[in-house]
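S.K.: Following this message is one structure expressed as C-alpha cells.
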Amino acid sequence: MRSKIVAGNWKMNKTLAETEALLTELSAKLPDTQAEVMVAPTYINLTAAVRHLASSSIEVIAQNMHFAESGAYTGEISADMLLSVGIDTAIIGHSERRAYFGETDEILAKKVVTALEKNMRVMFCFGEELEDRKSGNHFSVVESQLKNALFSLDASSWSKIILAYEPVWAIGTGETASPEQAQEMHAFIRKTITEAYDTGIANKVSILYGGSVKPANAVEIFSKPDVDGGLIGGAALVADDFVAIIKAI
C-alpha cells in the first residue's frame with residue numbers, strides 16, 4: 001500500500017522563534033493519522049526543528065541539497081551535512097529552484113543520484129508552466145522532466161522516491177488544478193512510470209499534489225485514487241490550516 005504523505009514546505013519563512021512556536025502548536029494539535037507528516041523549515045532552523053520534534057512523529061526534511069559531497073560551493077548544503085543533523089529526506093526540483101536558480105534537469109538528476117547514494121529519500125518535484133497547459137503540452141513536459149531526472153535510475157532506487165506534481169500555474173497564485181485535473185495528471189504519471197519500469201513500481205510510489213492545497217479543497221483533492229497526499233506551501237505556515245489538511249488525508 002502506498003504511503004499517504006502531507007508535507008509542509010515553509011520556503012523562506014519563519015525565524016527560529018517563529019519556527020519553534022509553530023512546531024509546538026503543530027505537535028500539540030497533530031491528529032491521529034496513518035499519514036506521514038513532514039515539515040521543511042529553512043536550513044538554519046533544521047537542527048532546532050529536529051531537536052524540537054524529537055518525541056514527535058513529525059519528520060523534518062530539507063528544502064534542497066547540493067549534488068557535491070563538499071567543496072567550493074558557497075551557500076550550499078551537502079547530503080552529509082543534512083544527515084549529520086538528522087535529516088534523511090530532501091525536496092529536489094521545486095519549481096522555484098528551477099525558475100529562480102536555474103536548476104536544470106541535468107543538475108537535478110545529479111542531486112537525485114547523490115541523495116540516493118547517501119541512502120536519503122528524495123521528494124522530487126516537477127510540473128508544467130501555464131503556457132504548457134494552455135498549449136496542451138503539459139503531459140509531454142511532465143514526461144520529459146521525469147525521464148530526464150529519474151528514468152535512468154535502477155528499479156530498486158524507486159523505494160526511496162516520492163513524487164510531487166506541482167502545476168506551476170497553481171503555486172502561490174490562488175489558482176488550483178481541479179481535483180479532476182489533478183487525478184488526470186497523477187494517473188498519467190503512474191502510467192508513464194509503468195511504461196518505463198513496471199506496474200509494481202508505479203503502484204508503490206507516492207505521488208503528492210503540490211498546487212495551493214487548502215483546508216477547503218483538500219478532502220476533494222485527496223479523495224482521488226492516484227493522489228497520495230500533498231506538498232503544502234502557504235497553508236503549512238498556519239497550524240490550524242495544516243492540521244485541517246492532515247485530517248483531510
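Readers should treat all values here as calculations from the given coordinates under stated rules, not as data from a laboratory. Just so it is clear, the model here is predicted, and its values are computed rather than measured. Quick reminder, even Gly has a Cβ in these numbers, built from the backbone with ideal geometry, and neighbours come from all protein chains shown.
S.K.: Using the Cα centre as the reference, give the magnitude of the dipole from point charges on the C-beta atoms of the stretch 180-244 (Lys, Arg: +1; Asp, Glu: -1; all else neutral), rounded to the nearest 20 debye. Each step should come with its number before you reach the end.
M.R.: On the way: 5 positive and 9 negative charges, 21 e Å.
Its charge dipole is roughly 100 debye.
S.K.: In addition: Residue farthest toward the positive end of the dipole of the stretch 52-102, with Cβ of Lys/Arg at +1 and Asp/Glu at -1: which of ILE91, GLY102, MET81?
M.R.: The Cα lying farthest towards the positive end belongs to GLY102.
S.K.: On a C-alpha basis, how far is the centre of the stretch 71-134 from the centre of the stretch 1-39 in Å? Whole number, if you could?
M.R.: Rounded to whole Å, the Cα centres lie 20 Å apart.
S.K.: Moving on. In Å, the Kirkwood hydrodynamic radius of the stretch 78-144 over pairs of distinct alpha carbons?
M.R.: Evaluated on the stretch 78-144, it is 13.1 Å.
S.K.: Of the peptides 44-52, 150-158, how do they stack up when ordered by the mean number of other Cβ atoms within 10 Å, highest first?
M.R.: On the way: 44-52: 17.7, 150-158: 14.7.
In descending order of packing, they fall as 44-52, 150-158.
S.K.: Ok, one more. Could you give the alpha-carbon Rg of the stretch 104-229 over 2.2 N^0.38 Å, rounded to two decimals? Can you show the working numbers first?
M.R.: Numbers: Rg = 14.2 Å, N = 126, 2.2 N^0.38 = 13.8 Å.
This ratio for the stretch 104-229 stands at 1.03.
S.K.: Relative contact order for the stretch 18-77 using alpha-carbon pairs under 8 Å, separation at least 6, rounded to a whole percent?
M.R.: Working: 52 pairs, mean separation 20.0, N = 60.
Reported relative contact order: 33 percent.
S.K.: Given an 8 Å cut-off on Cα distances and at least 6 residues of separation, report the relative contact order of the chain as a percent. Mind dumping the intermediate values first?
M.R.: Working: 456 pairs, mean separation 54.5, N = 249.
Relative contact order for the chain comes out at 22 percent.
S.K.: About the Cα centre, and with charges only on the beta carbon of Lys, Arg (+1) and Asp, Glu (-1), how big is the dipole of the stretch 1-156? Nearest 20 debye, please. Don't skip to the end; give the middle numbers.
M.R.: On the way: 15 positive and 21 negative charges, 45 e Å.
The dipole of the stretch 1-156 has a size of about 220 debye.
S.K.: Right, something else. So, how do all the Cα-to-Cα distances of the chain break down into 5 Å bins, in percent, from 0 on up?
M.R.: 1, 6, 14, 19, 21, 18, 13, 6, 2, 0
S.K.: Let me ask something additional. Among the aspartates and glutamates, which have Cα under 12 Å from the Cα of LYS147 when same-chain residues fewer than 8 positions away are ignored?
M.R.: Within the straight-line limit of under 12 Å, LYS147 reaches these aspartates and glutamates: ASP105, GLU106, GLU195.
S.K.: Under the definition of Cα pairs under 8 Å and six or more residues apart, what whole-number percent is the relative contact order of the stretch 78-138?
M.R.: Values: 49 pairs, mean separation 25.0, N = 61.
About 41 percent, as a whole number.
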